[in-house]
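Input: a single structure, listed below in structure tokens.
Read the figures in this text as sums done on the coordinates, not as results from a lab. This one's a predicted model, so the numbers in the text were calculated from it and none came from an experiment. Quick reminder, even Gly has a Cβ in these numbers, built from the backbone with ideal geometry, and neighbours come from all protein chains shown.
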């Protein structure tokens, strides 16, 4: 990997982290509406290495949690892990997008991935809440009560994930088309001269 790619990736990493922190701060009054999972998916899609990509959601969470404050360690571990997990789908999605002639299929697969990670987040974080709190009985009834009580948050998670996946991937696609048209325009101007 040459230094230009590294600088570009570092710049992209910093940009994604800054966007994530700002959006988390702006959305603090909207529980579970968060850009972090979408940024993780986008980072996995755009950045070459998984370690570099996983830095995006973790840096956003660490920096913004310094402001918001901490919570139960088991729940924090579950949140951080499950919000970093979408990074793993980024590279396969990029490969599908490059090899596929149908942008609609790529859009569908990105959406399905986002929805799947929303479900995993709901299941995993609420299992951690149930396991680490005394609010619910330690049986299947308590677990079901925990999941039921979290349904409004699940709706917010899906809303936020789908909104930000659409926004981030849509913005990326628009920028890519715009840059390609500028390059084509520049090449055409050079050919005329």
Taking Cα atoms, how many degrees apart are the long axis of helix 50-68 and the longest axis of the chain, rounded to 10 and kept between 0 and 90?
50
Provide the FRET efficiency to the nearest 0.05 for the residue 95-residue 145 pair, computing r from the beta carbons and using R0 = 45 Å.
0.60
Relative to the chain, whose Cα atoms define the longest principal axis, helix 140-149 and its Cα axis are tilted in degrees, nearest 10, by 50
Please give the contour-minus-distance gain from residue 25 to residue 71: 0.36 nm per residue of separation, less the Cα-Cα distance, rounded to one decimal in nm.
14.9 nm
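Which value at 222 nm does the chain reach when only helices count, each DSSP H run of 4 or more adding -39,500 (n - 2.57), with the total divided by all residues and rounded to the nearest 500 deg cm²/dmol? Mind showing how you got there, number by number?
Details: 8 runs with 161 residues, N = 193.
Only helices count here, giving -28500 deg cm²/dmol.
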Of all the Cα-Cα pairs you can form in region 3-192, what percent are over 30 Å apart?
27
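What relative contact order, as a whole-number percentage, does region 3-192 give when Cα pairs under 8 Å and 6 or more residues apart are counted? Intermediate results must be reported in sequence, preceding the final value.
Working: 200 pairs, mean separation 47.9, N = 190.
Normalised by residue count, the contact order of region 3-192 is 25 percent.
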With everything on Cα atoms, drop me the angle between helix 103-132 and the longest principal axis of the chain, reported from 0 to 90° to the nearest 10.
30
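Which of 64, 34 has the fewest other C-beta atoms within 10 Å, and how do the rest follow up to the most? Show your work: numbers first, answer last.
Values: 64 18, 34 26.
The fewest-first ordering by Cβ neighbours comes to 64, 34.
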Report, please, the projected area of region 1-106 averaged over directions, based on the convex hull of its C-alpha atoms, in nm².
7.8
